[in-house]
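Here's the structure we're looking at; comments come further down.
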Amino acid sequence: MIEGILSWSETHQTFLFWLAILSGLLFLGSILSLPFLATQIPQDYFSDAKRHQAQLKQSHPLIYLTIRLLKNFLGWLLILAGIVMLVLPGQGLLTILMGLVLSDFPGKFALERRLASNARIMGGINWLRERRGRPPLDTPFNQMGSGRTIT
């Protein structure tokens, strides 16, 4: 088994070299972009019972569409990078969550809230926000207890 892996790695050195370069670029990109993205999330984004509406909808339709396309492209790029970072160096789950926040797809709100209810993920986001002087995000269940409504 080990001989097969060594043989494969010897025959695919170019591929492994570019994979290492890609891993380094994704790691660097996540380190540079995640603090900025984490500070742009509204404090009640995950705890608000309703979805936040984009303020860009008030602008010209062409500007709104262009920004929405770029935002979705960046979001899906971060999601893919996060998936790669699950096995390569990087902040995989945090990068995936940032990509989800930027992307638009059916079921997004429920998935974001579920991921944000993970203490480790929320701790990572709030750590990034704290370093930039922003208040911590409200957790999805701050106002509901452990998923139950307060009576």
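The values are calculated or read from the model by the stated rules, or taken from the named source; none is laboratory data. The structure presented is a predicted model; accordingly, all values stated were derived computationally and were not measured. Here the Cβ is made from the backbone with ideal geometry for all residues, glycine too, and neighbour counts use every protein chain on show. Protein only, heavy atoms only, side chains kept; ligands, DNA and RNA dropped before computing areas. Shrake-Rupley method; radii C 1.70, N 1.55, O 1.52, S 1.80 Å.
Of note:
- Radius ratio Rg over Rh of the chain, counting only Cα atoms, Kirkwood formula for Rh: 1.08
- F109 - accessible surface, heavy atoms, 1.4 Å probe, Å² rounded to 10: 40
- Residues of the range 83-121 with an amide N closer than 14 Å to a point placed 7 Å from the Cα of W127 along the Cα-to-Cβ direction: 90-95, 119-121.
- log10 of Debye I(q)/I(0), alpha-carbon scatterers only, for the range 74-143 at 0.18 Å⁻¹: -0.71
- Given a 1.4 Å probe and the protein chains as shown, T66 ends up with an accessible area of around 70 Å².
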